[in-house]
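Visitor: Below is one structure. I have some questions about it.
The values are calculated or read from the model by the stated rules, or taken from the named source; none is laboratory data. Please read all numbers here as calculations on a predicted model, not as lab measurements. Positions of Cβ are generated from backbone atoms using ideal geometry, with glycine treated the same way; all protein chains shown enter the neighbour counts.
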């Protein structure tokens with residue numbers, strides 16, 4: 001009964017103190033039949049509702065409950081360089097499942113609280129996290145709970161929503177743990193997605209170029225490199241072989257990606273040319289300077305007097321990339337400032353045609369919460385067929401995943 005998508009995947013299940021926790025035993029057995037390895041973390045509250053020995057028997061592994069085992073001398077433990085439990089579980093997971101998820105654990109994760117083994121492991125993992133709420137209908141409808149759910153969804157946590165029905169508390173309404181078929185379908189989709197770029201070689205450019213005026217002063221722009229870096233991270237998590245070309249003032253990637261730093265437009269172009277010949281996808285999100293100074297000074301310019309700079313347009317890198325490698329799937333970015341949606345989309349389509357690109361991602365950096373120096377964005381993805389996909393204001397990590405989803409569909 002093994003399913004190739006589930007086979008040999010490690011799923012860590014967090015069991016919290018909801019009445020539905022005993023139902024998870026059947027889900028664990030089903031996951032093992034499909035070929036997955038299952039590890040269970042129980043919260044202290046869940047131990048009052050179900051016996052950990054049952055989860056040990058169902059999963060075939062020791063059940064983990066506490067951050068600190070009463071029989072371990074942790075000073076000696078750390079000196080011997082033994083693995084720390086929450087980090088080990090976070091690292092081995094192909095997917096984290098919280099089932100059932102109480103209002104309490106949802107609130108803790110949404111607000112960065114890591115005070116037990118489960119929440120600490122969730123905070124440390126890079127695996128996708130699926131949350132399956134189950135609670136009293138009034139708790140589920142509580143605006144604080146709903147705000148926490150919305151917050152986590154924006155951060156790319158995945159939810160299998162509770163269902164309508166008779167609840168253990170005697171009420172009828174939405175709050176019952178979702179059907180296991182729905183949970184298994186969501187797990188399968190995410191496990192599949194985790195490998196959907198496997199074997200693909202991708203170059204991502206991120207951040208700003210700099211052009212010297214003198215040995216001290218430079219011309220640049222406000223790009224933080226956040227979007228490009230998130231795209232590189234998400235592509236890496238989805239199995240791609242990623243090279244990140246990153247500006248010197250850009251944010252650092254969270255994972256151990258291959259990366260090269262660039263400075264000027266020419267430096268960036270040379271690094272792209274070095275890497276472009278044997279890749280499948282190039283995502284050019286770097287904010288490239290439009291001008292360079294003609295009269296660069298070899299010594300620091302003295303202050304206190306007027307300075308006249310002569311500027312020359314730089315190389316339009318994006319327009320030249322398909323001339324070097326026609327086979328690549330080429331994605332570019334277009335930023336405008338306080339323009340109409342129609343102007344923004346048309347501007348993106350114009351540069352797409354000039355570059356013979358496959359997609360261009362457009363955004364308006366003149367609007368609040370979008371573009372530079374923030375963690376959110378709203379974008380329009382324009383294709384060569386002039387299809388337009390609108391991604392409303394969300395975290396840049398979610399934007400990155402949506403862009404990758406679009407690329408995969410076009411491929």
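Visitor: Run residue 361 past the list (1) under 25 Å from residue 224 (Cβ atoms); (2) in a helix (DSSP H, G or I); (3) touching a helix residue (DSSP H, G or I) at 6+ places or on another chain (Cβ under 7 Å) and report the number of the one that doesn't hold.
Guide: Going through the list (1) under 25 Å from residue 224 (Cβ atoms); (2) in a helix (DSSP H, G or I); (3) touching a helix residue (DSSP H, G or I) at 6+ places or on another chain (Cβ under 7 Å), residue 361 breaks only (2).
Visitor: Filter segment 131-151 down to the residues that are within 17 Å of residue 179 (Cα to Cα) and not in a helix (DSSP H, G or I), then identify the one that is nearest to the chain's Cα centre (by Cα).
Guide: So, considering only residues that are within 17 Å of residue 179 (Cα to Cα) and not in a helix (DSSP H, G or I), the one nearest to the chain's Cα centre (by Cα) is 131.
Visitor: Assuming residue 381 fulfils every condition listed in (1) outside any strand (DSSP E or B); (2) at pLDDT 95 or above apart from one, which condition is it?
Guide: So residue 381 meets the others, but not (1).
Visitor: Against the condition in contact with a strand residue (DSSP E or B) (Cβ under 8 Å, 6 or more places away or on another chain) and modelled with pLDDT under 95, how does residue 99 come out, does it pass? Even if it seems obvious, please write down each step before you answer.
Guide: Details: in contact with a strand residue (DSSP E or B) (Cβ under 8 Å, 6 or more places away or on another chain): yes; modelled with pLDDT under 95: no.
Considered against the rule, which asks whether it is in contact with a strand residue (DSSP E or B) (Cβ under 8 Å, 6 or more places away or on another chain) and modelled with pLDDT under 95, residue 99 comes out as no.
Visitor: Only one of 11, 41 is part of a strand (DSSP E or B), at pLDDT 95 or above, farther than 19 Å from residue 179 by Cα and touching a strand residue (DSSP E or B) at 6+ places or on another chain (Cβ under 7 Å). Can you tell me which?
Guide: The match here is 41.
Visitor: Working carefully through the options 360, 365, find the one that is surrounded by 17 or more Cβ atoms within 10 Å (Cβ to Cβ) and more than 23 Å from residue 272 (Cβ to Cβ).
Guide: Going through 360, 365 in turn, just one is surrounded by 17 or more Cβ atoms within 10 Å (Cβ to Cβ) and more than 23 Å from residue 272 (Cβ to Cβ): 365.
Visitor: Mind checking which residues of segment 80-96 are modelled with pLDDT of 70 or more and touching a strand residue (DSSP E or B) at 6+ places or on another chain (Cβ under 9 Å)?
Guide: Within segment 80-96, 89, 90, 92, 93, 94, 95, 96 meet the criteria.
Visitor: Which residues, taken from segment 384-411, are in contact with a helix residue (DSSP H, G or I) (Cβ under 8 Å, 6 or more places away or on another chain), under 25 Å from residue 157 (Cα atoms) and part of a strand (DSSP E or B)?
Guide: 389, 391, 394, 395 - these are the residues of segment 384-411 that are in contact with a helix residue (DSSP H, G or I) (Cβ under 8 Å, 6 or more places away or on another chain), under 25 Å from residue 157 (Cα atoms) and part of a strand (DSSP E or B).
Visitor: Can you name every residue in segment 280-301 that is under 26 Å from the mean Cα position of the chain (by Cα) and surrounded by fewer than 20 Cβ atoms within 10 Å (Cβ to Cβ)?
Guide: 280
Visitor: So for segment 301-317 (the condition being touching a helix residue (DSSP H, G or I) at 6+ places or on another chain (Cβ under 9 Å), over 18 Å from residue 223 (Cβ atoms), without any contact (Cβ under 8 Å) to a residue 60 or more places away in the chain and assigned by TED's automatic domain parsing to the domain that holds residue 252), does at least one residue qualify?
Guide: Scanning segment 301-317, I find no residue that is touching a helix residue (DSSP H, G or I) at 6+ places or on another chain (Cβ under 9 Å), over 18 Å from residue 223 (Cβ atoms), without any contact (Cβ under 8 Å) to a residue 60 or more places away in the chain and assigned by TED's automatic domain parsing to the domain that holds residue 252, so the answer is no.
Visitor: Filter segment 328-357 down to residues that are assigned to a loop (DSSP other than H, G, I, E, B) and over 27 Å from the mean Cα position of the chain (by Cα) and give me whichever is surrounded by the most Cβ atoms within 10 Å (Cβ to Cβ).
Guide: Among those that are assigned to a loop (DSSP other than H, G, I, E, B) and over 27 Å from the mean Cα position of the chain (by Cα), it is 339.
Visitor: OK, next. Among the numbered criteria (1) in a strand (DSSP E or B); (2) touching a residue at least 24 places away in the same chain (Cβ under 8 Å), which single criterion is violated by residue 321?
Guide: Condition (1) is where residue 321 drops out.
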